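Engineer: Pasting in a structure now, in structure tokens, and then I'll have a few things to ask.
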Amino acid sequence: MNAKTTRNKNQVTNSFSVINTLSAEERQSRIDELLKTMQAKTWHDLETTGKFDKNAKLSFISEDMLIVGCDIGSETHYLRAIDIRGRELSKKPFSFTNNEEGFEAAKAWMVELAAVNGKKQIVLGLEPTGHYWFCIATWLISNGISVVQVNPYAVKQTKEVEDNSQLKDDRKDPKVIANLVMNGNYGMPYLPEGIYADLRSLSLLRSQLTENRIRCANRMHRLMKIHFPEYKDAFGRVDGSFALEVLKIAPFPKDIVALGEDGIREIWHNAKLRGRGYSRAAELFRYASTSVGRNEGAEYDREAVRWFVEEMLSLDEKLTTIEAAINAKCMEIPHAENILEISGLGQNIVAGIISSMGDIDRFDDVKEIQKLSGLNLVACSSGKHNGETKISHRGRKELRTWLFQGAKSVVAHAKEFQLIHEYYTTRPKNPLKKMQSLIVIACKLLRIIYAILKKGVTYDPQKMLDDIKRFENAEIVAA
């Protein structure tokens with residue numbers, strides 16, 4: 001018997017493991033009634049009608065609700081169920097496969113267990129493990145079962161509360177997850193929809209292609225350092241159009257010497273390049289003539305450099321297309337164009353921030369986004385000990401990166417942010433380091449973007465300074 005047959009048999013067997021003291025007719029009647037009344041709640045229902053805080057989360061978990069914990073795997077998931085008092089209602093963990101047959105078996109198991117125990121609704125908690133939970137969460141919500149998520153770090157920290165054991169496995173974790181949900185330690189899952197889903201996919205693809213380009217460039221640099229150690233001085237800007245066109249045809253010193261100065265210029269002429277790069281032909285030839293690079297193994301390394309350069313050029317074309325699509329999608333979001341009025345913020349940075357942040361309507365306070373980005377301040381203090389205050393670094397790394405890039409850009413280009421940065425780094429009391437100041441400005445920038453997207457206001461640099469007490473008399477000097 002193969003593994004797949006065993007899993008399917010396990011699903012069928014487990015579906016009838018519910019303690020049942022009802023007649024078949026009464027049990028089926030309860031199941032039918034439950035299927036009619038089950039209704040899934042999403043972040044649209046709970047997070048857009050006010051702040052969904054700890055008290056609201058505890059109120060959402062009611063007496064008539066079956067609480068199910070799910071440990072997500074790549075192929076097999078495990079379920080355990082409890083009531084609001086923490087009493088386990090399932091005899092043993094229920095396993096099901098990551099396909100429609102498995103989803104149907106899991107739903108039948110939960111519905112039967114809820115009906116037998118007089119429950120009217122079902123909520124399932126899970127760890128957001130990679131991308132494996134996307135399909136199961138979407139399918140359950142569309143079938144009337146609410147889905148919430150718990151922090152994997154919370155599961156790790158509370159696993160010993162269950163049985164005073166360090167053991168952590170697929171059969172124990174569902175119970176730990178269910179207990180966290182019961183105590184209100186959960187959040188609503190967010191899967192981007194519409195424009196935000198397109199932006200998230202495009203941004204992820206851009207990041208992947210950018211990583212591939214960096215990888216190709218690093219490998220190309222390694223080979224050039226071996227066979228043409230002077231190449232950076234010879235080419236100037238190594239990843240520029242003039243350098244890449246030469247590297248694609250004649251990457252190593254012997255190739256460049258064979259071409260001569262006229263041959264180098266001919267390569268640039270055929271590529272239809274224009275500019276002052278032609279003046280570097282003589283200097284490039286001189287560096288190649290006196291190079292101390294290694295000649296052994298150059299035959300195949302030469303082909304490798306050509307391949308890496310061609311791959312970089314191909315990735316550049318794809319990145320240009322993707323960035324155009326990202327910018328177009330970003331401008332479809334209401335009030336996004338107002339953010340571009342901030343000097344130093346271009347379409348790429350704005351699109352990166354919005355795609356990482358998602359729908360602004362799911363946030364009631366900008367501090368929620370600050371925590372999501374990992375820019376919230378934390379400190380470990382006890383008694384007379386005051387710990388060092390720093391940012392948490394937890395949350396969405398991409399959002400934190402884009403906000404920091406935005407902070408550096410506005411400090412470089414916007415007069416008002418230059419004034420703030422200068423104040424933080426030179427104030428007499430508790431001056432900040434430059435990196436700390438940029439973090440503070442990133443948080444300020446986030447608050448401005450939140451107000452623009454949430455309220456539809458326009459950006460006024462002078463008003464921003466006036467709202468800060470220490471800058472109430474400051475005026476922006478026109479460039």
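Values quoted throughout were computed directly from the atomic coordinates according to the rules given, and no laboratory measurement underlies them. This structure is a prediction, so every number in the text was calculated from the model and none was measured. Here Cβ is always computed from backbone atoms with ideal geometry, including for glycine, and neighbour counts include all displayed protein chains.
Engineer: What lysines could a cross-link reach from Lys455, if we take a straight Cα to Cα line under 19 Å and drop same-chain neighbours fewer than 8 places away?
Structural biologist: Excluding near neighbours in sequence, the set is Lys51, Lys367, Lys444, Lys463.
Engineer: By average Cβ neighbour count within 10 Å, what is the ranking of 436-442, 23-29 from highest down?
Structural biologist: Put in order of decreasing packing, that is 436-442, 23-29.
Engineer: Same structure, new question: How high is the relative contact order of the chain, given as a whole-number percent (alpha carbon pairs under 8 Å, six or more residues apart)?
Structural biologist: 12 percent
Engineer: Helix 3-14 against the longest principal axis of the chain: what's the angle in degrees, Cα atoms only, rounded to the nearest 10?
Structural biologist: 40 degrees
Engineer: Per residue of the range 109-122, what does 6.51 cos²θ - 1.76 cosθ + 1.60 with θ = phi - 60° give for ³J(HN,Hα)? Whole Hz please, x for Gly and Pro, Karplus curve as stated.
Structural biologist: 5, 5, 5, 5, 5, 5, 5, 4, 9, x, 8, 9, 9, 10
Engineer: Would you tally the net charge around Ser62, using a Cβ to Cβ cut-off of less than 15 Å, leaving Ser62 out, and scoring K and R as +1, D and E as -1?
Structural biologist: +1
Engineer: Report, in degrees rounded to the nearest 10, the 0 to 90 angle that the Cα long axis of helix 173-182 makes with the longest principal axis of the chain.
Structural biologist: 80 degrees
Engineer: Here is a follow-up. For Gly125, list long-range residues whose amide hydrogen, built 1.01 Å from N in the peptide plane, is under 5 Å from its own amide hydrogen.
Structural biologist: Residues meeting the criterion, in which the H sits 1.01 Å from N, are Val68, Gly69, Cys70, Val148.
Engineer: What trypsin sites (Lys or Arg not before Pro) does the range 70-114 have in DSSP loop regions with at most 11 other beta carbons within 10 Å?
Structural biologist: Arg85, Arg87
Engineer: Taking the mean number of other Cβ atoms within 10 Å as a proxy for protection, how do you rank 173-179, 44-50 from highest to lowest?
Structural biologist: Result, highest mean first: 173-179, 44-50.
Engineer: Can you tell me the length gained on complete extension of the stretch Thr76 to Glu317, counting 0.36 nm per residue apart and subtracting the Cα distance?
Structural biologist: Value of the extension gain: 82.7 nm.
Engineer: Roughly how tilted is helix 195-227, in degrees to the nearest 10 and between 0 and 90, from the longest Cα axis of the chain?
Structural biologist: On a 0 to 90 degree scale, this one is about 40.
Engineer: In deg cm²/dmol and to the nearest 500, what is the mean residue ellipticity at 222 nm of the chain if only DSSP H runs of at least 4 residues count, each as -39500 (n - 2.57), divided by the residue total?
Structural biologist: Value at 222 nm, helices only: -18000 deg cm²/dmol.
Engineer: Would you list which lysines come within 17 Å of Lys225, measuring only between C-alpha atoms, while excluding same-chain residues fewer than 8 positions from it?
Structural biologist: Straight-distance partners of Lys225: Lys248, Lys254.
Engineer: Further, regarding this structure: Could you tell me how far the Cα centroid of the range 378-392 sits from the Cα centroid of the range 41-73, in Å?
Structural biologist: 31 Å
Engineer: Going down the table (Lys156/Lys397; Lys120/Lys454; Lys232/Lys272), which pairs top 30 Å between alpha carbons?
Structural biologist: As for pairs spanning more than 30 Å Cα to Cα, those are Lys120/Lys454.
Engineer: Show which lysines lie in cross-link reach of Lys57 when reach means a straight Cα distance below 16 angstrom and same-chain residues fewer than eight apart are skipped.
Structural biologist: Here the lysines satisfying the reach criterion relative to Lys57 are Lys41.
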